[in-house]
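Accompanying notes for the structure given below.
The values are calculated or read from the model by the stated rules, or taken from the named source; none is laboratory data. Here the structure is a predicted model, which is why all the values come from computation and not from measurement. Cβ atoms come from the backbone with ideal geometry, glycine included; neighbour counts cover every protein chain shown. Heavy atoms of the whole protein, side chains included, go into the accessibility calculation; ligands, DNA and RNA do not. Shrake-Rupley method; radii C 1.70, N 1.55, O 1.52, S 1.80 Å.
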Amino acid sequence: MTTTEQKRPVFAPAHEDFRASVRRFLSDVVLPEYPDWLRDGKPSRRFWKAAADVGILGIGVPEQYGGLPGSDYRHSAVVTEEIQALGLAIGGLRVQTDICLPYLVHHGSQEQKETWLPRLTSGDAVAALALSEPGAGSDLKAITTRARRCDDHYVVSGAKTFISNGAAADLLILAAKTDPQAGRRGVSLLLVDTTTAGFARGRRLDKLGLKAQDLAEMSFTEMVVPLGNLLGRENEGFTYLTAHLAQERLSIAVNSQAAAAAALSWTVRDLAGTEPGQNTKFVLAECAAEVAAGQALVDQALSRHVAGALSGADAAVAKLYCTELQSRVVERCLSVAAGPAALRANSQIGNAYLDGRVSRIFGGSSEIMKVIIGQSLGL
């Protein structure tokens, strides 16, 4: 029995009804065109409109802006679990729903919400969070993209790299230095329409795994951004970014846990009708025990998050355990998979092996998670 087939107290009947809708959507819309995404390096625009029709793009957004009525983060977890059950790589969807939308919902002005939320929830626009830079990574105090304040606007110059949804984005939530002398305390977030003069997309980056996920470079040359596009208060960008890290890391943990559960399920399915040796049985038994432990941890974190009680350390524990779990389980399943077919380009378990490696890096590496957890222990 897979994770998504088990009854779990964290979910209400409404979530399971939504799960059935998501499952149909993935089967009817995504699977038929997924090979094209692998070739193009990003989902089609049709995908975003179809996802909106199911309500996926409105999760956690007030109804007045096109949000899904009565939705909370558990709806997003349902979407992630169903995507991973099929072995798909659609991380850009989580970037929009789990990461970008909350910034607008919680920190946007009324005008900003009215301008962008209806477009994002309807699939008319795609969003990206532009943080990482060449030479600086995601170290906010080291970023060099500069936003100089001039009368009623900012003039932005700089470059970003490894931006998920970067090739398709209509809206950027851009981190830039508004006070270069203040380090991370001088970072602000700006809403940037990608039709703005001075914005340019760079290369679409080829990756190890995640071939259907959009990742790109971009640059800004004397780009004029109105003061009204400042998200929240000036120089408070670091505060806003850290406030949303717990959900971002929980999102990664949910994805990794679901990927581990799916890998185990596929392997057991593929071994059906064979006579696996005792070592194979022991390996998969260990995987089953660890997946069950990871699921309990994720469900506990989901409950805490919905209750507003998920701490940064809680999220770090979930991300650390589940991303490392994903790596262990997928590698073990690959090692016992039946025959050379597991190493073919269209292999579910083979692609899961490639897709999962970055989970231990983005959103904060495993080493950073250990630092956070150690600090929470008073060490």
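If you go through region 235-252 and keep only what is surrounded by fewer than 20 Cβ atoms within 10 Å (Cβ to Cβ) and in a helix (DSSP H, G or I), you end up with Phe238, Thr239, Thr242, Ala243, Leu245, Gln247.
Residue by residue, here is whether (1) of a type outside the set (A, V, I, L, M, F, W, C); (2) in a helix (DSSP H, G or I) holds:
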| position | (1), (2) |
| --- | --- |
| Thr80 | yes, yes |
| Leu88 | no, no |
| Glu111 | yes, yes |
| Trp116 | no, yes |
| Asp124 | yes, no |
| Ala128 | no, no |
| Gly135 | yes, no |
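Beta carbons closer than 6 Å, at least 6 apart along the sequence or on distinct chains, pair a first residue in region 354-366 that is polar (S, T, N, Q) with a second that is open to solvent by 30 Å² or more (accessible area, probe 1.4 Å) for Ser366/Leu320; Ser366/Arg360. Of all the listed residues (Ser122, Ser71, Ser76), the sole one being out of contact with any strand residue (DSSP E or B) (no Cβ under 9 Å at 6 or more places or on another chain), open to solvent by less than 10 Å² (accessible area, probe 1.4 Å) and among the hydroxyl-bearing types (Ser, Thr, Tyr) is Ser76. Filtering region 313-349 to residues that are in a helix (DSSP H, G or I), surrounded by fewer than 19 Cβ atoms within 10 Å (Cβ to Cβ) and not polar (S, T, N, Q) leaves Ala313, Glu324, Arg328, Glu331, Leu334, Pro340, Ala341, Leu343. Just wondering, is there one or more residues in region 145-153 that are surrounded by fewer than 16 Cβ atoms within 10 Å (Cβ to Cβ) and either within 29 Å of Tyr65 (Cβ to Cβ) or in contact (Cβ under 8 Å) with a residue 40 or more places away in the chain (or both)? Looking through region 145-153, at least one residue is surrounded by fewer than 16 Cβ atoms within 10 Å (Cβ to Cβ) and either within 29 Å of Tyr65 (Cβ to Cβ) or in contact (Cβ under 8 Å) with a residue 40 or more places away in the chain (or both). Just to be sure before I move on: is Asp270 touching a residue at least 60 places away in the same chain (Cβ under 8 Å), in a helix (DSSP H, G or I), open to solvent by 70 Å² or more (accessible area, probe 1.4 Å) and not β-branched (Val, Ile, Thr) in the structure I sent? Judged against the criteria, Asp270 is a match.
Residues of region 208-221 that are closer than 14 Å to Asn165 by Cβ, open to solvent by 20 Å² or more (accessible area, probe 1.4 Å) and of a type in the set (D, E, K, R): Glu217 alone. For region 47-68, a tally of residues being under 17 Å from Phe18 (Cα atoms) and surrounded by fewer than 16 Cβ atoms within 10 Å (Cβ to Cβ) returns 2. Within the bounds of region 90-98, is there any residue that is over 24 Å from Leu174 (Cβ atoms), in a helix (DSSP H, G or I) and of a type outside the set (Ser, Thr, Tyr)? Within region 90-98, not a single residue is over 24 Å from Leu174 (Cβ atoms), in a helix (DSSP H, G or I) and of a type outside the set (Ser, Thr, Tyr). All but one of (1) more than 30 Å from Ser71 (Cα to Cα); (2) open to solvent by less than 40 Å² (accessible area, probe 1.4 Å) hold for Glu286, so report the exception by its number. Among (1) more than 30 Å from Ser71 (Cα to Cα); (2) open to solvent by less than 40 Å² (accessible area, probe 1.4 Å), the lone unmet condition for Glu286 is (2). Within region 197-210, residues that are in a strand (DSSP E or B) sit with their Cβ atoms under 8 Å from residues that are open to solvent by 80 Å² or more (accessible area, probe 1.4 Å), at 6+ positions apart or across chains, in these pairs: Ala200/Thr221. For the residues Ser27, Ser44, the requirement of being surrounded by 15 or more Cβ atoms within 10 Å (Cβ to Cβ), of a type outside the set (Phe, Trp, Tyr) and more than 20 Å from Gln247 (Cβ to Cβ) singles out Ser44. Out of Val268, Val225, Val283, one residue alone is β-branched (Val, Ile, Thr), farther than 30 Å from Ala309 by Cβ and at pLDDT below 95. It is Val268. Any residue that is at pLDDT below 95, farther than 30 Å from Ser256 by Cα and out of contact with any strand residue (DSSP E or B) (no Cβ under 8 Å at 6 or more places or on another chain) - is there at least one of those in region 184-192? Yes, that holds for at least one residue. Whether a residue is closer than 27 Å to Gly209 by Cα, over 22 Å from the mean Cα position of the chain (by Cα) and of a type in the set (Gly, Ala, Ser) was assessed, and Ala258 does not pass this test. When every residue of region 49-70 is checked against the conditions, none turns out to be modelled with pLDDT under 95 and closer than 27 Å to Ser188 by Cβ.
Of His15, His106, all but one fail to be more than 22 Å from Asp214 (Cβ to Cβ), open to solvent by less than 10 Å² (accessible area, probe 1.4 Å) and either β-branched (Val, Ile, Thr) or not in a loop (DSSP other than H, G, I, E, B) (or both); the exception is His15. In region 303-312, the count of residues that are surrounded by fewer than 19 Cβ atoms within 10 Å (Cβ to Cβ) and charged (D, E, K, R) is one or more.
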